[in-house]
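Asks: Let me begin by handing over the structure; questions about it come next.
The values are calculated or read from the model by the stated rules, or taken from the named source; none is laboratory data. What you are looking at is a predicted structure, and each value in this text was computed from that prediction instead of being measured. Neighbour counts run over all protein chains shown; Cβ positions are idealised from the backbone, glycine included. Just so you know, the surface numbers come from the protein's heavy atoms only, side chains and all, with ligands and any DNA or RNA stripped out. Shrake-Rupley method; radii C 1.70, N 1.55, O 1.52, S 1.80 Å.
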Amino acid sequence: MKILRIIGIIIVVGIVLFVGLAFLLNQRPSSPFDGVAAVTAPQYPVEEASYVARLADCVACHSLPGEAPFAGGLPMGSPLGVMYATNITPDKATGIGNYTLADFDNAVRRGVAKDGHRLYPSMPYPSYSKMTDEDIKKLYDYFMFAVEPVAKPNQETGIPFPLNMRWPLAFWNVVFAPTKVYENKPEQSAEWNRGAYLVQGAGHCGSCHTERGLAIQEVALDESSDAYLSGALLDGWHASNLRGNQATGLGRWSEDDIVQLLKTGRNKHATVFGTMLEAFNNSTQFMTDEDLKSIAVYLKSLPPRGADPQWTYDDATKVAFAGNDMTAPGSSLYLTQCSNCHGRDGLGRGALQPPLAGNPTVIGQNAESIINILLNGAGRMVVDGVPDSYRMTPFRVLLRDDQIAEIATFIRSSWGNDAPAVTAAEVAKLREDTDPTSDHVIVLNMR
């Protein structure tokens with residue numbers, strides 16, 4: 001009798017769990033726009049609506065060069081396999097033309113498509129969840145009435161079965177994806193709160209600059225954790241530490257330095273590169289000065305993460321070059337290949353060519369960005385529709401792995417820099433992973 005009772009309890013519990021699971025997997029998220037009448041005409045000036053799309057940088061992932069904007073198709077590498085960005089033009093057959101405002105809201109802020117399938121978190125909905133209702137309405141307005149519809153079917157992912165099943169994302173969302181709009185902190189200024197909203201929400205800066213956990217989740221979503229914006233590996237690059245670390249973060253940058261980089265792509269400390277180049281070309285340079293200043297105020301409020309040694313310039317390398325001393329490994333390669341732009345003193349050429357001395361990307365523990373940019377060069381910044389004239393040249397063909405490793409090690413150990421050496425094996429690995437002729441290239445924006 002007791003055994004039957006236990007079996008009965010187990011069956012009841014199983015049924016309850018099954019019903020709860022089915023409910024969770026099939027539940028359509030609620031939206032504040034449920035029941036809102038269909039929008040049949042623009043509700044906002046196109047400048048206002050398009051500005052939110054600029055803030056969210058939708059074009060960078062949902063477009064391919066030479067093709068119509070927002071028609072999708074961009075391959076995105078992940079630990080599970082290749083995913084392809086979807087068509088988000090208002091085409092009714094292959095895009096989002098049949099989405100209501102509530103459908104659009106659920107996709108952008110909750111990661112659930114109109115038909116109920118879960119979106120992979122390569123779509124930064126954990127960040128977009130903090131966007132206000134007003135900004136979501138403007139974004140919807142832009143896509144429905146200002147974007148040209150394009151008939152282009154979405155491409156299937158390269159993620160193999162069973163990893164391609166999307167239903168587990170319902171549980172992932174419960175654990176890792178917030179659902180609350182950003183709430184202002186009354187103890188902070190309006191400028192700080194605007195910056196926090198832009199960084200955490202539409203700008204989704206944490207998607208690249210915050211490290212990921214075992215479940216590929218961002219380990220922090222705001223400044224309550226010092227892991228937030230402390231740097232992370234992404235697509236063969238190391239997204240920079242945006243916290244107040246003196247050597248490897250923004251500790252030596254002023255608010256004006258941050259604004260200048262986001263507005264012009266360059267400042268006396270650095271030049272945008274890697275995936276940040278896409279964010280600059282399509283998003284940050286179009287932001288208002290007020291919004292850029294707010295972002296700078298917020299970022300400069302973030303304390304350093306962990307102990308960070310002070311960096312001090314050392315002119316020993318400059319003196320060695322002046323005396324034609326090339327005994328340091330990599331020095332002769334640096335002199336012939338790099339010094340014309342970055343200087344024998346490692347201080348660069350003002351805002352035109354970034355310094356290598358004390359550059360946070362150069363002296364960080366992870367060398368992937370340095371290896372990647374030596375191998376593949378830098379993409380082209382486009383300001384006011386005009387491509388720039390100065391950019392890093394690729395050495396993929398010109399130099400061997402050991403030579404690139406020598407140069408990287410040299411610049412990471414000169415002018416007061418003190419970072420770990422780079423090996424030829426590290427270069428060989430990234431050379432293969434970032435080969436633009438390969439079907440398995442991991443660099444998201446290598447094109």
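Asks: Using the Karplus curve 6.51 cos²θ - 1.76 cosθ + 1.60 with θ = phi - 60°, work out ³J(HN,Hα) for each residue of segment 166-171 in order, rounded to whole Hz, and write x for Gly and Pro.
Replies: Going residue by residue, I get 9, 4, x, 5, 4, 6 Hz, with x marking Gly and Pro.
Asks: I would also like to ask the following. Which whole-angstrom value gives the distance between the alpha carbon centres of segment 258-297 and segment 301-336?
Replies: After rounding, the separation between the Cα centres reads 26 Å.
Asks: Report P(r) for segment 144-299: all Cα-Cα distances, bin width 10 Å, range 0 to the bin holding the largest distance, values in whole percent.
Replies: 9, 32, 34, 19, 6
Asks: Right, something else. What residues qualify as long-range amide H neighbours of Val383, i.e. H under 5 Å apart, gap of 5 or more or another chain, H built at 1.01 Å from N?
Replies: Asp388
Asks: Taking θ = phi - 60°, what integer Hz values does the Karplus form 6.51 cos²θ - 1.76 cosθ + 1.60 yield along segment 125-141, in sequence order, with x for Gly and Pro?
Replies: So the Karplus estimates, Gly and Pro as x, are 5, x, 7, 4, 4, 7, 5, 6, 4, 4, 5, 5, 5, 5, 5, 4, 4 Hz.
Asks: Further question on the same structure: Arranged from highest to lowest average of other beta-carbon atoms within 10 Å per residue, in what order do the peptides 187-198, 310-321 appear?
Replies: Output ranking for 187-198, 310-321: 187-198, 310-321.
Asks: Put a dot 7 Å past each Cα toward the Cβ at Phe145 and Asn324; how far apart are the dots in nm?
Replies: Between Asn324 and Phe145, the simple spin-label model gives 7.2 nm.
Asks: Rounded to the nearest 20 debye, what is the charge dipole size of the chain about its Cα centre when +1 sits on each Lys and Arg Cβ and -1 on each Asp and Glu Cβ?
Replies: The calculation lands at about 840 debye.
Asks: Let me ask you something else. Distance in nm between label sites at Asp308 and Leu233, each 7 Å beyond Cα in the beta-carbon direction?
Replies: Rounded to a tenth, the inter-label distance reads 2.2 nm.
Asks: Same structure, new question: In deg cm²/dmol, rounded to 500, what helix-only [θ] at 222 nm does the chain give when every DSSP H run of at least 4 residues adds -39500 (n - 2.57) and the total is split over its residues?
Replies: -11000 deg cm²/dmol
Asks: Something else now. Could you grab the relative contact order for segment 190-300? Cα pairs under 8 Å, six or more apart, rounded to a whole percent.
Replies: Numbers: 164 pairs, mean separation 32.2, N = 111.
It rounds to 29 percent for segment 190-300.
Asks: Here is a follow-up. For Leu64, which sequence-distant residues (separation of 5 or more, or a different chain) have an amide H within less than 5 Å of its own amide H, given hydrogens modelled in the peptide plane?
Replies: Phe70, Ala71, Gly72
Asks: Per residue, what accessible area does the chain have, given a 1.4 Å probe and all protein chains present, in Å²?
Replies: About 49 Å² of surface per residue is accessible.
Asks: Using the Karplus curve 6.51 cos²θ - 1.76 cosθ + 1.60 with θ = phi - 60°, what ³J(HN,Hα) values do you get for each residue of segment 259-266, in whole Hz, with x for Gly and Pro?
Replies: Result, ordered by residue: 4, 4, 5, 6, 8, 10, x, 9 Hz.
Asks: While we're here: Leaving out ligands, DNA and RNA, and with a 1.4 Å probe, what % of the accessible surface on the chain is carbon or sulfur?
Replies: Values: 12830 of 21700 Å².
Here it works out to 59 percent.
Asks: Any chance you could give the angle, 0 to 90 degrees and rounded to 10, that helix 424-433 forms with the longest Cα principal axis of the chain?
Replies: 40
Asks: Follow-up. Note the listed values (1) 36, 32, 20; (2) 35, 25, 19; (3) 42, 26, 22, then indicate which one is semi-axes √(5λ) of the Cα gyration tensor in Å calculated from this particular structure.
Replies: Calculated semi-axes √(5λ) of the Cα gyration tensor in Å: the matching label is (3).
Asks: Same structure again: Would you pull out the residues with amide H under 5 Å of His238's amide H, same chain only if 5 or more places away, H placed 1.01 Å from N?
Replies: Here Ser369 satisfy the definition.
Asks: While we're on this one: How high is the relative contact order of segment 31-190, in percent, with contacts defined as C-alpha pairs under 8 Å that are six or more residues apart?
Replies: Across segment 31-190, relative contact order equals 26 percent.
Asks: Taking the 0 to 90 degree range and rounding to the nearest ten, how far is the long axis of helix 190-200 tilted relative to the main principal axis of the chain, both from C-alpha atoms?
Replies: For helix 190-200, the angle is close to 80 degrees.
Asks: Probe 1.4 Å, all protein chains in place: accessible area of Thr40 in Å², nearest 10?
Replies: Roll a 1.4 Å probe over it and Thr40 shows about 120 Å².
Asks: For labels at Ala425 and Thr132 in the simple 7 Å Cα→Cβ model, what's the distance in nm?
Replies: Going by the 7 Å Cα→Cβ label model, 5.3 nm.
Asks: For Asp289, Asp235, Asp384, write out the residues from largest to smallest accessible area, computed with a 1.4 angstrom probe and no ligands counted.
Replies: Asp384, Asp289, Asp235
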